[in-house]
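**Student:** Handing you this structure, nothing more for now.
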Amino acid sequence: MALGGLVSNRNFTSFIGPESVYQSGKDLSPQRRGISCAYVACYGGQIEKDSFTRCWHGMSFHAKQLLNEKVSKPIPTFHDEVQHCSSLSQNFVHMNMKLKAGRRCQSYLSSDPYGSSLIQQKAVYGPGLKKLGKEKMARVHYKSEDYDMTETNVDPLASTEGTGEAILMEGNVPQVSSWWQQFPKRWVIVLLCFAAFLLCNMDRVNMSIAILPMSQEFNWNSATVGLIQSSFFWGYLLTQILGGIWADKFGGKPVLGFGVVWWSMATVLTPIAARIGLPCLLIMRAFMGIGEGVAMPAMNNMLSKWIPVSERSRSLALVYSGMYLGSVVGLAFSPLLIQNFGWPSVFYSFGSLGSIWFLFWLRKAYSIPKDDPDLGVEEKRFMLEGNVSNAPVSSIPWKLILSKAPVWALIISHFCHNWGTFILLTWMPTYYNQVLKLNLTESGLLCVLPWLTMAAFANIGGWIADTLVRKGLSITVVRKIMQSIGFLGPAFFLSQLSHVRTPAMAVLCMACSQGSDAFSQSGLYSNHQDIGPRYAGVLLGLSNTAGVLAGVFGTAATGFILQRGSWNDVFKVSVALYIIGTLVWNIFSTGEKVLD
């Protein structure tokens, strides 16, 4: 069978089946069954003014007229655009006729292995608009062999051996794939990174809870407990820059996958290492830090390849909120597991979740969009138009990177930001207990509040930042606004702690301080991809190394200050660094690309 399709935006579209017999629900006479029937889906361009009505009415059969005329007259066609399709060597042909006002008329032809064909025509009244029209069906039977028109006698109800039927459907009959197939692939990557960071902090904070029964079982003193807690940062510092280099050279997928598997295995082996001896436990905690150290640079590399600038703040905010929620989940479930199953159960259960994540990561994640065979054309075009970088990196231009003022603005600002953040997150239970006179149980519950606040405000800030970018505000201005909130907000609320008199107000100030701190996800944390998308992993490795050092030194300095001063002195140092970070950021940072 041969099928010719002429498509016109002004007049009509015709489909001709050379050896066809039309049936409209009742038997035809033998004379009419011997006539080769052609049917026309007329696009009525000269009949109706409304484009949808033209399409709808044009999809009806005119077989009766053709039968009466015995196809003696040629079918007149007028067209501006022609699409000619053949179904002999194809299983599926899709002809898409685009109309005015966002409407479209679609025709489908498909054939099965037995020679039967299915023709569907449907009028779709544009995406997002109300569906109109009712389905109307008619059947066309044909023989694919050549017969003389005057001698052909085709039984319309014959078996499918050599015959088939075509069904014409008018109205709106959309063929929509499942929602998970339509879900943007770039946000699949974001959600997988969110889950990885959720596991990251779950595995990190479980030791802060499990260390209490462990120290009782193994008779560890305070100095030993401090050594165990700090051993994590040995490996964490080691792989910040290395993780960025690996991700920029080899892609974010293998590096982040390696990190999750590595720290998950270290988490599962922690109880075994603890029972072997203290040195083995310290090494295992350092190994865990090695795995988590590559997570941030690899994630930053992945998002720089997948996420356009108009969605950058929201995506990063969602991923980092996974860290905050991971702390909440870890702090909430660790005591329950320890109470019911013993302290090793925390490490076994949390660590095993990494293997489940890794299976999804292998199937769904790709380092760059062009490697994904399921990525749609429209989404790929959207990402390319959104300044997504796909260029590989063969070498790291260290001299060029370190000569740029915006890079140093990132490093210094990250140090100032993490000084206050790590102090609050590390010393907050002690502050609640010593200053607010809350018991340990109440302190532990209130420690969850800042993490929840940060998770909420990080996503709010990301939405605001992306909205400002879409409205035309420059990326530089947006980054400076968001990071200024991330610096000056905590500085203001920490300065008010010396004036509050009730525990409720003190906790509120802490929560507001951490909530405004989360706006930094749309400030300095998003800026790595702005100034150097090809080197996003290395840039985050550099700045986060400074941030981790701030956490290590700040935590130690806080203990030193408290021995000779008060909590007000601790907060004054943090406020001073926040102000320094604000000045450096607003003077030297930029949202423009400075590294190619």
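**Student:** Roughly to the nearest percent, how much of the accessible area of the range 202-271 is carbon and sulfur, given a 1.4 Å probe? Walk me through the numbers on the way to the answer.
**Tutor:** Working: 1980 of 2830 Å².
Carbon with sulfur: 70 percent of the solvent-accessible area.
**Student:** How far apart, in nanometres, would the label points at K399 and K249 be if each is projected 7 angstrom from Cα along the Cα-to-Cβ direction?
**Tutor:** Result: 2.0 nm between the two label points.
**Student:** Need one word for the range 168-313: rounded, prolate or oblate. Basis is the Cα gyration tensor (sqrt eigenvalues a ≥ b ≥ c); a/c below 1.5 gives rounded, then a/b vs b/c decides.
**Tutor:** Prolate, since a/c reaches 1.5 and a/b exceeds b/c.
**Student:** For labels at Q496 and I283 in the simple 7 Å Cα→Cβ model, what's the distance in nm?
**Tutor:** 5.1
**Student:** Compute the accessible area per residue over the range 491-596, keeping the other protein chains in place, probe 1.4 Å, unit Å².
**Tutor:** Details: 3880 Å² over 106 residues.
On a per-residue basis, the range 491-596 sits at 37 Å².
**Student:** Taking a threshold of 22 Å on the Cα-Cα distance, which of the pairs K249/K480; K399/K480; K253/K370 fall above it? Write down the numbers at each step before the final one.
**Tutor:** Working: K249/K480 30 Å; K399/K480 26 Å; K253/K370 14 Å.
Pairs exceeding 22 Å: K249/K480; K399/K480.
**Student:** Amide H to amide H under 5 Å from L473: which residues, 5+ apart in sequence or cross-chain, H placed 1.01 Å off N in plane?
**Tutor:** For L473, no residues qualify.
**Student:** Modelled label-to-label distance, N586 and L212, 7 Å Cα→beta-carbon offset: nm?
**Tutor:** The modelled label-to-label distance comes out at 4.3 nm.
**Student:** Around L438, which amide H atoms from residues at least 5 apart in sequence, or from another chain, sit under 5 Å from its own amide H, with H modelled in the peptide plane?
**Tutor:** Amide H neighbours of L438, under 5 Å, 5+ apart: N433.
The values are calculated or read from the model by the stated rules, or taken from the named source; none is laboratory data. Bear in mind the structure is a predicted one, so any value in this text is a computation, not a measurement. Glycine gets a Cβ as well: all are built from the backbone with ideal geometry, and neighbour counts include every protein chain shown. Side chains included, ligands, DNA and RNA excluded: accessible areas come from the protein's heavy atoms. Shrake-Rupley method; radii C 1.70, N 1.55, O 1.52, S 1.80 Å.
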